[in-house]
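Presented below is the structure to which this report refers.
Values quoted throughout were computed directly from the atomic coordinates according to the rules given, and no laboratory measurement underlies them. None of these values were measured; they are calculated from a predicted model. Counting neighbours? That spans all protein chains shown, and the Cβs are built from the backbone with ideal geometry, glycine included.
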Amino acid sequence: MFLESQIDHPLQNGSIEVICGSMFSGKTEELLRRLKRAEFAKLKIAVFKPQVDVRYDNEKVVSHNSNTISSTPVSSPSEILNLVTTAKVVAIDEAQFFNDDLIDVCNSLAKQGKRVIIAGLDMDFLGNPFGPIPQLLAIAEHITKVHAICIDCGNIANHSFRLTKNQKLIQLGQKDEYKPLCRKCFTNNI
């Protein structure tokens with residue numbers, strides 16, 4: 001029997017955990033929660049985010065609820081391997097913005113006995129799998145899919161609907177640029 005609390009076991013070395021979902025579903029909040037538990041267990045942590053993510057802060061990982069943790073912005077996943085030394089827990093936020101090299105980096109870290117916690121969007125604004133997240137889901141020992149609430153109908157939301165006309169795949173956004181929608185409302189809006 002699997003219990004969610006097993007994910008928080010501080011001695012769970014050599015594993016990959018993925019927290020995924022739509023915008024405003026609490027991915028970063030869950031990442032921060034797990035990191036606080038690791039710190040409470042006196043485990044050394046290392047936190048990374050893509051250099052492109054400057055929405056709330058250039059260096060900190062910041063949730064939509066304004067909770068924060070210090071992080072190291074990196075331009076490519078390979079930098080993470082060089083920066084992680086004594087950390088037992090490695091966290092990566094906004095993983096969808098990295099290229100597929102992140103998969104090998106995460107595998108390498110897990111093989112070194114590190115607990116790797118990844119948070120990111122599983123689908124882009126068109127409803128397609130996003131970046132390296134699908135492959136990370138395939139190799140992860142633990143997966144947590146979190147959901148937002150559909151702004152249009154109140155059901156469980158798993159899509160990030162873009163409110164602007166910008167068609168670029170990567171557009172950093174906040175509440176005025178995206179809204180969470182359920183499958184039905186997402187389909188009705190596109």
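Please arrange LYS27, LYS88 by how many other C-beta atoms lie within 10 Å of their C-beta, fewest to most.
Numbers: LYS27 28, LYS88 20.
Neighbour counts put them in this order, fewest first: LYS88, LYS27.
Work out, in µm²/s and without decimals, the Stokes-Einstein translational diffusion coefficient of the stretch 11-147 at 20 °C, 1.002 mPa s, Rh from Kirkwood over C-alpha pairs. Write down the numbers at each step before the final one.
Details: Rh = 14.5 Å.
This corresponds to a translational diffusion coefficient of 147 µm²/s.
Return the long-range amide H neighbours of LYS145 (sequence gap of 5 or more, or a different chain), with a cut-off of under 5 Å between placed amide H atoms.
For LYS145, whose amide H was placed from the backbone, the distant partners under 5 Å are CYS20.
Please list the non-local residues whose amide H lies under 5 Å from the amide H of THR72, H modeled 1.01 Å from N, same-chain partners needing a gap of 5 or more.
VAL47, PHE48, LYS49
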